Every structure is written in structure tokens, then in C-alpha cells.
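S.K.: Dumping the structure here so I can ask a few things about it.
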Amino acid sequence: MAISIVRLGSPRAKGEGLRIGTVRRPPRGVRKEDYAAKDIYDVWFPNLAPSEALLKTASPPLDDTTWRAFSRKFRAEMKQPAARRDLDLLAALSHQADFAIGCYCEDESRCHRSILRTLLEDRGAALKSTGAGRKR
């Protein structure tokens, strides 16, 4: 049992489980009923996505300075009580079920999902190591 950190829209891994989209907005141009069939996500969970205001300040590609500022601000958002509870829940569930969380970004090293990975690790979550798209 563990969490996979994935790029939404990428082919699902065998045994990946439920795919959770931790993104601010649903995909454009895709019918809601096609999200799962197109390997986007099964459940939309914007609770762990960067705020709309933060997204406006950080459009890819991010240089080092912009990435550090984005990372600091997103970590601050994830310290809010609701976000902490959501992260605690996913960390606990990771020991009971296989599931995946993800975002659309191509490069995980410059995506909020890399920060979510660290925050979940810090909470003792069971994480599958994929290595794909990771630069740490």
C-alpha cells in the first residue's frame, strides 16, 4: 500500500489505484465523464493545489528564484489547518490503500507535487518511488 506521485494524463501504472487530481482547475476541452478514461484523474481534489493567487505569480517555466518563492508560499499554504488535515489523511490512507496524486506539470522538480511528496514523507506516508520526472 502506498501513494504514487504522477503526472496527470500519463498512463496508469499497474495497481496504481484511485488517481486524485491535486490541481486547481479541471482539464480544458475534456468532458468530465472522460477524465478517468483518459488517465487524468478519478477524483478532483483541489484542496492540495496551489491557490489561484499563487498560480498567477508562477507560470512555467520557473527560474530558480521564482521556484524558491513559489515553494515557500505553497508550503505556507499547506500549513493551514485544513491542508494539514488533508495531508495527514492521505499519509494515513497510504498505509491502507494504493492511490495516486498528481498534477499536469511535465517536470515534477518544478511542480507543487514535488513539495507534496516531501510533505507526505514528513508525515510518514508510504510512497512508491518511481523516479520518473523527479529531480531532488
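S.K.: Restricting attention to region 20-35, does a residue exist that is in contact (Cβ under 8 Å) with a residue 40 or more places away in the chain, open to solvent by 40 Å² or more (accessible area, probe 1.4 Å) and under 16 Å from residue 125 (Cβ atoms)?
M.R.: Kept after step one, since they are in contact (Cβ under 8 Å) with a residue 40 or more places away in the chain, are these residues of region 20-35: 20-23, 27.
Now restrict to residues that are open to solvent by 40 Å² or more (accessible area, probe 1.4 Å): none.
Looking through region 20-35, none of the residues is in contact (Cβ under 8 Å) with a residue 40 or more places away in the chain, open to solvent by 40 Å² or more (accessible area, probe 1.4 Å) and under 16 Å from residue 125 (Cβ atoms).
S.K.: Sticking with this one: Filter region 6-19 down to residues that are hydroxyl-bearing (Ser, Thr, Tyr) and open to solvent by 70 Å² or more (accessible area, probe 1.4 Å), then give me how many there are. Can you show your working first?
M.R.: As a first pass, look at region 6-19 and keep what is hydroxyl-bearing (Ser, Thr, Tyr): 10.
Right, trim to open to solvent by 70 Å² or more (accessible area, probe 1.4 Å) and you get none.
Final tally of qualifying residues: 0.
S.K.: Filter region 44-70 for residues that are within 22 Å of residue 81 (Cβ to Cβ) and among the aliphatic types (A, V, I, L, M) and give the result.
M.R.: 48, 49, 53, 54, 55
S.K.: As an exercise: evaluate residue 41 against (1) modelled with pLDDT of 95 or more; (2) of a type outside the set (A, V, I, L, M); (3) open to solvent by 30 Å² or more (accessible area, probe 1.4 Å) and give the number of the one condition it does not meet.
M.R.: The one condition residue 41 does not meet is (3).
S.K.: A further question follows. Could we say that residue 30 is in a loop (DSSP other than H, G, I, E, B) and over 24 Å from residue 86 (Cα atoms) here? Spell out the reasoning first.
M.R.: Details: in a loop (DSSP other than H, G, I, E, B): yes; over 24 Å from residue 86 (Cα atoms): yes.
So residue 30 passes the test.
S.K.: Taking region 105-123 as the region of interest, how many residues are open to solvent by 40 Å² or more (accessible area, probe 1.4 Å) and either at pLDDT 95 or above or part of a helix (DSSP H, G or I) (or both)?
M.R.: Adding up the residues that qualify gives 4.
S.K.: Considering every residue within region 55-64, establish whether at least one is within 23 Å of residue 127 (Cβ to Cβ) and open to solvent by less than 90 Å² (accessible area, probe 1.4 Å). Outline the logic, then answer.
M.R.: Keep residues of region 55-64 that are within 23 Å of residue 127 (Cβ to Cβ), which gives none.
No, every residue in region 55-64 fails to be within 23 Å of residue 127 (Cβ to Cβ) and open to solvent by less than 90 Å² (accessible area, probe 1.4 Å).
S.K.: Any chance you could count how many residues in region 45-68 are farther than 17 Å from residue 119 by Cα and without any contact (Cβ under 8 Å) to a residue 24 or more places away in the chain?
M.R.: 10
S.K.: Okay, moving on. Looking at region 43-61, can you tell me whether even one residue there is in a strand (DSSP E or B) and touching a Leu at 6+ places or on another chain (Cβ under 8 Å)? Reasoning before the result, please.
M.R.: Filtering region 43-61 down to residues in a strand (DSSP E or B) leaves 43-44.
So of that shortlist, the ones also touching a Leu at 6+ places or on another chain (Cβ under 8 Å) come out as 43.
Yes, region 43-61 contains a residue that is in a strand (DSSP E or B) and touching a Leu at 6+ places or on another chain (Cβ under 8 Å).
S.K.: Same structure, new question: Picking from 66, 22, which residue would you name as being under 16 Å from the mean Cα position of the chain (by Cα) and among the hydroxyl-bearing types (Ser, Thr, Tyr)? Working first, answer last.
M.R.: Values: 66 fails: under 16 Å from the mean Cα position of the chain (by Cα).
The conditions single out 22.
The values are calculated or read from the model by the stated rules, or taken from the named source; none is laboratory data. If you're wondering where the values come from, they're calculated on a predicted model, not measured in any experiment. All Cβ positions, glycine included, derive from the backbone under ideal geometry; neighbour counts span all protein chains shown. Surface areas here come from the heavy atoms of the whole protein model, side chains and all, with no ligands, DNA or RNA. Shrake-Rupley method; radii C 1.70, N 1.55, O 1.52, S 1.80 Å.
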